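Participant: Pasting a structure below so you can have a look.
The values are calculated or read from the model by the stated rules, or taken from the named source; none is laboratory data. All values reported here derive from a predicted model rather than from experimental measurement. As a convention, Cβ positions derive from the backbone with ideal geometry for all residues, glycine included, and neighbour counts pool all protein chains shown.
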Amino acid sequence: MHLRRWLAVPLAVPVAFAAFSGFLPAAQASVGVGVQAAPVRLGSVARAGGSYALPPVYVVDTGTQAESISVKVERLHAEAGRDVPSAWVRDTGPGLRLSPHQSARVPLELVVPGGARPGRYLSDIIVNGSAVTSVGKANLGVAAATALEFSVAPGAPPAPFLPTWTWWLLGSLMVLGLTVAGLHRYGFRVGIERNPPAVARAAGRSRLSRWRRRTRAAGALAAAAALAACSTGSASQPAGTPGKGQSIAISLKVVPTVVAVTVSPSSASFGGCTGGNKSVNTASTGNALGFPNGRCWLGTPGSHGTFPITITNTGVAADIYVNGASASPSDNGTGWGLCNIGANPASACTGTGGKLPGDDQYLLQNFAGGSTNATGLTGTMTCDDEFAAGSCSAVQGDSQQEGIELTGPTSTADQSTKWTVTITWTAFSLVPPT
């Protein structure tokens with residue numbers, strides 16, 4: 001029965017990883033990205049239904065090749081607070097591509113829906129670099145993360161039925177009406193007396209003449225006072241004497257506060273493949289994964305093994321996280337999902353006894369020195385326990401050399417002979433939110 005099952009698999013399948021030949025590229029190019037260590041905080045309380053400009057986030061390319069930068073929101077912090085839905089935060093700038101060691105600020109907008117619940121919100125801004133993707137390679141990606149925090153208050157009260165200026169006008173008319181009614185009630189009268197035209201003209205000319213004389217006199221007095229003030233000031237405060245401000249510019253340097261990680265090489269190739277079923281021509285070859293559950297390596301495990309991937313913390317102290325992604329075929333067909341083994345797998349493998357990948361599943365395990373990730377990578381960023389001898393915390397300049405073991409599926413629905421997998425390391429800021 002087992003033989004019949006495997007006879008149904010096309011004979012092209014055993015060369016699924018045929019393009020993974022050659023162990024490492026000749027050039028040791030690196031990919032790297034950094035982000036500000038300080039959290040991104042909204043300076044005021046947000047209200048449900050409002051839109052706000054967040055402080056722009058500082059990013060930098062720390063590798064040796066250009067990177068297209070993308071920003072997303074994901075919860076990494078364990079502190080109390082509501083998660084920030086990714087749809088609430090938008091990158092409002094144009095697409096950003098950085099040259100090596102170039103930096104920029106990415107403008108962000110916070111849009112809080114009308115039904116948002118009040119309270120403190122906490123998540124993380126994750127800046128991703130785009131490693132060069134080429135089919136048939138293991139792409140090694142980078143990212144850096146810093147905290148995002150703000151508070152939401154209930155929405156603003158509903159607007160009045162009439163515009164504000166209408167209420168002011170009505171109030172003024174009401175006050176005027178009450179005043180007129182009071183004057184009338186208590187007997188006040190306003191008399192209007194009209195002078196003959198000749199008398200009115202004479203009185204007007206007299207008032208105009210008096211106004212002109214007073215204006216000329218006031219102008220003369222003001223000019224005299226101004227001249228006196230200028231004369232007194234120039235005599236009492238010459239240049240350089242007390243009372244006149246002086247300044248000096250002093251330069252100051254500060255240490256960089258950027259969370260950053262660099263990985264080299266930027267891509268690599270699996271090799272040393274074993275396993276599969278030789279009786280139906282689906283056994284692995286040296287550089288091609290076979291079925292069922294063939295294995296390939298990037299490096300060799302063990303205390304005397306080889307570890308071709310170098311992960312370096314190039315920024316301030318940070319935690320180094322790692323995650324995998326689904327394997328992608330060259331024809332963009334059905335991919336392979338990551339699965340995990342062990343007591344409490346994030347996504348259980350469905351192969352033999354839960355210890356091997358099932359159909360369209362695969363397992364990625366990173367290793368370093370004498371240790372191996374026992375359960376396998378997931379699609380979620382988790383602390384890289386292989387980094388820094390069991391601790392994923394790293395200060396600036398700390399580096400770790402690692403390798404990758406890949407266990408393939410029991411069978412595959414896609415017949416592509418070239419597949420690409422991506423592993424990403426993320427530097428996570430240790431600066432706590434307030």
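Participant: Any idea which of D91, D83 is at pLDDT 90 or above and touching a strand residue (DSSP E or B) at 6+ places or on another chain (Cβ under 8 Å)?
Facilitator: D83
Participant: Sort out for me the strands (runs of 3 or more DSSP E) sitting completely within the range 48-104 that have 2 or more residues that are surrounded by 16 or more Cβ atoms within 10 Å (Cβ to Cβ) and in contact with a Phe, Trp or Tyr (Cβ under 9 Å, 6 or more places away or on another chain).
Facilitator: 51-61
Participant: For the range 393-426, how many residues meet the condition of being over 30 Å from D360 (Cβ atoms) and either modelled with pLDDT of 95 or more or surrounded by fewer than 19 Cβ atoms within 10 Å (Cβ to Cβ) (or both)?
Facilitator: Summing the residues that are over 30 Å from D360 (Cβ atoms) and either modelled with pLDDT of 95 or more or surrounded by fewer than 19 Cβ atoms within 10 Å (Cβ to Cβ) (or both) in the range 393-426 gives 7.
Participant: In the range 251-277, which residue that is surrounded by 19 or more Cβ atoms within 10 Å (Cβ to Cβ) and among the hydrophobic types (A, V, I, L, M, F, W, C) is farthest from G397 (Cα to Cα)?
Facilitator: C273
Participant: Every residue in the range 241-272 that is modelled with pLDDT under 95, of a type outside the set (V, I, T) and not in a loop (DSSP other than H, G, I, E, B), please.
Facilitator: Result: S264, S267, A268, G271, G272.
Participant: Across the range 309-332, which residue is nearest to T372 (Cα to Cα) among those that are surrounded by fewer than 22 Cβ atoms within 10 Å (Cβ to Cβ) and touching a Pro at 6+ places or on another chain (Cβ under 9 Å)?
Facilitator: T310
Participant: So F20 clears everything in (1) modelled with pLDDT of 85 or more; (2) part of a loop (DSSP other than H, G, I, E, B); (3) crowded, with 19+ Cβ neighbours inside 10 Å; (4) not β-branched (V, I, T) except one condition, right? Which one?
Facilitator: Going through the list (1) modelled with pLDDT of 85 or more; (2) part of a loop (DSSP other than H, G, I, E, B); (3) crowded, with 19+ Cβ neighbours inside 10 Å; (4) not β-branched (V, I, T), F20 breaks only (1).
Participant: Here's another thing I want to ask about it. Exactly one of these conditions fails for C349: (1) crowded, with 21+ Cβ neighbours inside 10 Å; (2) touching a residue at least 60 places away in the same chain (Cβ under 8 Å). Give me its number.
Facilitator: (2)
Participant: Applying the selection to the range 58-88, what residues are farther than 15 Å from P39 by Cα and under 11 Å from the mean Cα position of the chain (by Cα)?
Facilitator: I69, S70, S86
Participant: Okay, next question. Consider only pairs whose beta carbons are under 7 Å apart and that are at least six residues apart or on different chains; among these, list those whose first residue lies in the range 135-163 and is within 30 Å of N366 (Cα to Cα) and charged (D, E, K, R) and whose second residue is at pLDDT below 95 and assigned to a loop (DSSP other than H, G, I, E, B).
Facilitator: Listed pairs, sorted by first residue: K137/S269.
Participant: Looking at the range 134-182, which of its residues are modelled with pLDDT of 70 or more, small (G, A, S) and either surrounded by 18 or more Cβ atoms within 10 Å (Cβ to Cβ) or in contact with a strand residue (DSSP E or B) (Cβ under 6 Å, 6 or more places away or on another chain) (or both)?
Facilitator: A138, G141, A143, A144, A145, A147, S151, A153, G155, listed by residue number.
Participant: Which of the strands (runs of 3 or more DSSP E) contained wholly in the range 315-424 include at least 2 residues that are basic (K, R)?
Facilitator: Qualifying strands (runs of 3 or more DSSP E): none found.
Participant: For the range 261-285, give me the residue count where each residue is under 20 Å from N139 (Cα atoms) and not aliphatic (A, V, I, L, M).
Facilitator: Qualifying residue count for the region: 10.
Participant: While we're looking at this one, here's another question. Only residues in the range 57-75 that are under 14 Å from D124 (Cα atoms) count as the first member; pair them with residues that are outside any strand (DSSP E or B) and not acidic (D, E), Cβ under 6 angstrom, at least 6 apart or cross-chain, and list the lot.
Facilitator: V73/V84; V73/S86
Participant: Restricting attention to the range 278-296, does a residue exist that is polar (S, T, N, Q), under 30 Å from T257 (Cα atoms) and surrounded by fewer than 20 Cβ atoms within 10 Å (Cβ to Cβ)?
Facilitator: Within the range 278-296 (the criterion being polar (S, T, N, Q), under 30 Å from T257 (Cα atoms) and surrounded by fewer than 20 Cβ atoms within 10 Å (Cβ to Cβ)), the answer is no, since none of the residues qualifies.
Participant: Looking at T300, T334, which one is hydroxyl-bearing (S, T, Y), within 30 Å of T62 (Cβ to Cβ) and more than 29 Å from the chain's Cα centre (by Cα)?
Facilitator: Going through T300, T334 in turn, the sole match is T300.
Participant: Of all residues in the range 30-47, which are surrounded by fewer than 16 Cβ atoms within 10 Å (Cβ to Cβ) and either of a type in the set (D, E) or touching a Ser or Thr at 6+ places or on another chain (Cβ under 7 Å) (or both)?
Facilitator: V45
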